[in-house]
Each structure stands twice: as structure tokens, then as C-alpha cells.
1. Take the residues of the stretch A:59-118 that are β-branched (Val, Ile, Thr) and assigned to a helix (DSSP H, G or I): which is surrounded by the fewest Cβ atoms within 10 Å (Cβ to Cβ)?
2. Could we say that A:Asn19 is within 13 Å of chain B (Cβ to nearest Cβ) and among the polar types (S, T, N, Q) here?
3. Just the residues that are surrounded by 18 or more Cβ atoms within 10 Å (Cβ to Cβ), among the polar types (S, T, N, Q) and within 13 Å of A:Pro34 (Cβ to Cβ), please, taken from the stretch A:214-258.
4. Kindly indicate whether A:Pro10 is farther than 12 Å from A:Phe280 by Cβ and within 13 Å of chain B (Cβ to nearest Cβ).
5. Can you name the residue in the stretch A:156-189 that is in a loop (DSSP other than H, G, I, E, B) and of a type in the set (Asp, Glu) and, of all such residues, is nearest to A:Asp225 (Cα to Cα)?
6. Residue pairs, Cβ under 7 Å, 6 or more apart or interchain, first in the stretch B:84-96 and within 13 Å of chain A (Cβ to nearest Cβ), second surrounded by 19 or more Cβ atoms within 10 Å (Cβ to Cβ) and of a type in the set (Lys, Arg). List them.
7. Taking the conditions exactly as written (under 30 Å from A:Gly108 (Cβ atoms) and modelled with pLDDT of 95 or more), does A:Glu235 satisfy them or not?
8. If the Cβ limit is 8 Å and pairs must be 6+ apart or interchain, which residue in the stretch B:155-183 that is farther than 22 Å from B:Ala94 by Cα pairs with which residue that is among the hydroxyl-bearing types (Ser, Thr, Tyr)?
There are 2 protein chains.
Amino acid sequence: MTPPDSGVAPPPDRTVVENAQLALLLEVTGTPKPGNVDRAHDYDDLRFEHFVAGGVGARRGLGLAADGERLGRAFERAVAGMSQQEAGNTQFGALLVLVPLVRAAAEGDLSGSHAGELARETTVADTADFFRAFEHVDVAVDDPPEGMDALDVRRGVDAVPAIEERNVTLYDVMIESADIDGIAREWTGEFERSVEAAERLLELDGSVPDRTARVFLELLAEEPDTFVATQHDRETAVQTTEQAAVALAGEADPWTLANELVAEGINPGTTADLTAAALFVALERGLTI
Amino acid sequence: MTPPDSGVAPPPDRTVVENAQLALLLEVTGTPKPGNVDRAHDYDDLRFEHFVAGGVGARRGLGLAADGERLGRAFERAVAGMSQQEAGNTQFGALLVLVPLVRAAAEGDLSGSHAGELARETTVADTADFFRAFEHVDVAVDDPPEGMDALDVRRGVDAVPAIEERNVTLYDVMIESADIDGIAREWTGEFERSVEAAERLLELDGSVPDRTARVFLELLAEEPDTFVATQHDRETAVQTTEQAAVALAGEADPWTLANELVAEGINPGTTADLTAAALFVALERGLTI
């Protein structure tokens, strides 16, 4: 409609980094996502506004990922920026799964196989960055595998000499963690669940927050959440997945489940992280708001 | 706690632009803000996620304001970026009041007087930019003052030749609009209400979204909202202000008022814009999330 000689430049398309930031914000907007902080649910010390501030603060680190900086470094800076709010860890796992996807998109090939290739190309320097990221926030993690005490992420930068001595790449770390961590499984499995969930977001009807809530529930019903398994135990995680499946089948109200899980402090954070990754991929593939 | 030789750079402080973006997002997070879209309220075609996408898209234009670009141009680009979601106008007024404040903060003097000085220094080029911004979104505006038809913002870029011929600065436009537009009054009145509301945000207790809702209600109870006056009529705006005063005095439930106003389509958008400006100033002055 605007005449070509009007001096009005067209609106800019969203960049890859803006889509990643928007994905973080839309993830927390979808409701009900049972057990998560979302548009309608807070924990006392972990609230919606902390995720908003986390999403604002993470952008510069995500920008480094798009600009070709080492993935570990981009992740560490994104976590540092995210941490500038009072709740601590809001989107650590979401940033970990997003960083290779953002780089893949910036390189013009947002496929799971290309993101998986980028994951495989990480080096020991990325591992040191990854451990440094744990200095910015407290993250719930399990004990390391047997014989791997020296590489316990809870040691933060103190573990860096051992990492360098053993030449452990970040991909190696993810391989070691894949059986207990759903984000590590994305890194080592070509981001399969993130990409599949993105396709679901694109094929569903309704508003993006409603689709987000639906896809979260589908993911949760499909596999036990590894963050719940870490924070509570495997049995709780399996039970939560069963509850999600019942809600998904329409045999229970997801709003009731959401209130119950929040009251019990059962927060399927890994499933939320995958949902954020799926939103990013879907936005890059044309999901409109 | 992190040892100095650990290779861990400290987390980055939020930049001026990040605080402006966060302010836009926190404004819509505060609830209940009677009549507005907020964390708990949507209109059918103007929903929370549109404000989130608007806040993401506006950032680059806000960055131009911080970097010294002409204020009108920075505003036009911010509006263009904001417009990249399906609801059209979400934060036009908020961006208009934010742009001089962002520049003032970037220059290291976020006082109302300095922002007012920047407003007075605008030129006819800023006015042309301002009119171009109306090409990106439909904005509810009143008829122009008598004899000013040639400068009707609804003419968009078609008005630019007349603006240039008459050498109308953006500050002149704001002077002409100050009696019917609360944002223009900020521009011509050294951003007095924005700065005062920022001080209220800093002195109140409670979470930032709760303080935001409180300050919105105080602002609404203080002066009729000019967006409501434009979209409906002066009487409706005065009545809404009276209802806000009753709620503020604890004699009515603001949640009930919020539901009533949304049902009637009475959206005090100018008051929301001032709230966003106040959040920005408060964040710059140390409000923590």
C-alpha cells in the first residue's frame, strides 16, 4: 500500500536471534503447562517476570551463537545474561538446546542433522565454557556417572583443569549425560524431539499459546521429564508422564493437573526447554503470531 | 565467589535498550490493569502474545534511539518492528514516550528535563518520520485541530510535503496535540507523569507486576485516559477514571473492574503507555526483578 517513493522502509523481518528470544517468551506464555511457571502459574520464588527478564538478558549470548562465536561461549554468555534476575535459573536448559539450533539457523540450514553436526564439532574449549556457565546459577543436576567425579558440573570452573587434561569435548559430556538428561539426548540425537514438536506446533490450530500448551502436554505424556527425575526421582517423573497422558486423552483437566503439580513443586523443566526449542524452530519455519 | 583467574567473565548488566524492552514486557505482565491486555486479560484480536512479539520486534528501533539516530527515525523503526505480529498496534504510544527517555538514558542523564530538552530539539525530519510510522499500523486518533487538516496523521506519508513546507517540528506536533493526547503532554511537559510514576514503582512494596498494576490504577484514577477519550468519548474516559478511583480506594475490586472494562472494550491505552515509560525509568534507577 505504501508508495515506493514514500521514504518508508518496509518493516524488518524478525532475525534468528529475535525468534529465539520470542520462543523463550512464548514458552512461558503458553498455559496450562502443568507444573511449569506459565502465564497463569507462579512458584513463590520463581515467577513469570523472572522468565521475562531471563529472556531479555539471554539475547546477547544468543546473538553470539548466531554470529559464529564458539557454542560453549555463546551459551555461557546467554546464561550469564539470563541470570540477571532474582530467581536464578530460569532458562538454562532452554538455552543449551537453543544454542546449536540458533547457529544452524544463522548458517541457513535449520535441520536436526545440521544442528547435530554442530554439536558433534564442539571441542574441549566448549566444555570449559559449559562448566563456567554453572558459576552463574544453581542448576539441579544428578551425581556424575561413576569414575567421572572430576567432571562433576557442580564443581564449575574447578573442573576445568581435569576437562582439559582429558580433552573432553562438550559432545562427549552430552553422550555421558544422555541417559539421564533430555537436553543431552537432543544434542546427541539430532534434536529429534525439538524438530518433531515444531512440526506439531505448525500443524495444530488455535493461538500460539494454546498450541504451545498442547505440545508441552504431548511431550510430557511421551517421555518422563528428566528434570523431575533429578529434582525428585524417577518414579515421580514416570507418574507425571502418566498424569499428562490422562489429561491429553481428555480424561482429566489439565488446569487441575497444573495446580496440583505446582502445589507439589513438580516442575517438568526439561519438557519446557524442549517446548522453547520447538517454538524457535517453528517460528523459523513460518509460525505466525 | 568466582576466583578472578577462572576465565569466567561477570554477567553483563542490562543495557538501556534491554531495560526498555523489559519495560514493555513487564507493562503487559502486571495484572489487573483494568481494560488493558495483561497477564490475565485478552481481547479477541489483541492478545498477550501480540504484545510479547511487539516487544521483541521493537528492540532494534529502540537501539537506534540509544545509538544517536534521529528520534523520529528510531521511533518509526521501532513501530515497524513492533508491527510484525497480527494485531497491528500494540505499543505505538509506549514507544513514542520511550524513545526520548531511552536517548536521555543513553546520554547518561535520564531526567525529565533532559528528555524534555531532546523533545524540544526535534526537527521537521522527525515529523516526517513520525508520519511515516502511521503507515505501519492503524492507530486510533482524533480529528486534527481546526486548520490542520493537511497535517492529519491519518494521511501518513501523504502529509509529508505539507509538513516540510510549513517546517513543523515533532515538538510542534506534540504542542498541538497536548490537550487531547497524554503522550504529547509528556513530550511537552518534561515527562512528568512518567518520572513520578517511576518513583512510585521504586517506593512501593511487592513484586514488580503487582507494583505495576498499582501504579497503573493510580495513574488512571488521576487523569482521564486520552486513548479512551479518542476511541469512545470524553465522558467514558472520565467515568473510567472515577471507577479507577473507587477501586484504588478499596471500594471496588479491580479484578471486577478489569473484567467489566474488557467486556465493554474500554482500553486505557495511554495509561498503559505511561506505565511502560515509568517501568523503564524505574529499571534504570535500580528497580530489581
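The values are calculated or read from the model by the stated rules, or taken from the named source; none is laboratory data. Computed from a predicted model, the values in this text were never measured in an experiment. Because the Cβ atoms are built from the backbone with ideal geometry, glycine has one as well, and the counts that use them run over all protein chains shown.
1. Here is the first cut: in the stretch A:59-118, the ones β-branched (Val, Ile, Thr) are A:79, A:90, A:97, A:99, A:102.
Those still in the list that are assigned to a helix (DSSP H, G or I) too: A:79, A:97, A:99, A:102.
Numbers: A:Val79: 30, A:Val97: 25, A:Val99: 30, A:Val102: 31.
Filtering the stretch A:59-118 for residues that are β-branched (Val, Ile, Thr) and assigned to a helix (DSSP H, G or I), the one surrounded by the fewest Cβ atoms within 10 Å (Cβ to Cβ) comes out as A:Val97.
2. Values: within 13 Å of chain B (Cβ to nearest Cβ): yes; among the polar types (S, T, N, Q): yes.
Considered against the rule, which asks whether it is within 13 Å of chain B (Cβ to nearest Cβ) and among the polar types (S, T, N, Q), A:Asn19 comes out as yes.
3. Of everything in the stretch A:214-258, those that are surrounded by 18 or more Cβ atoms within 10 Å (Cβ to Cβ), among the polar types (S, T, N, Q) and within 13 Å of A:Pro34 (Cβ to Cβ) turn out to be A:Thr240, A:Thr241, A:Gln243.
4. Values: farther than 12 Å from A:Phe280 by Cβ: yes; within 13 Å of chain B (Cβ to nearest Cβ): yes.
So A:Pro10 fits the description; yes.
5. Residues of the stretch A:156-189 that are in a loop (DSSP other than H, G, I, E, B), as a first pass: A:167-169, A:178-181, A:189.
In the following step, the residues that additionally are of a type in the set (Asp, Glu) were identified as A:179, A:181.
Working: A:Asp179: 12, A:Asp181: 9 Å.
For the stretch A:156-189, the residue satisfying everything is A:Asp181.
6. Close Cβ pairs satisfying both conditions: B:Gln84/A:Arg14; B:Ala87/B:Arg47.
7. Details: under 30 Å from A:Gly108 (Cβ atoms): no; modelled with pLDDT of 95 or more: yes.
In short, no.
8. Hits for this filter: B:Val160/A:Ser6; B:Ile163/B:Thr127; B:Val168/B:Thr127.
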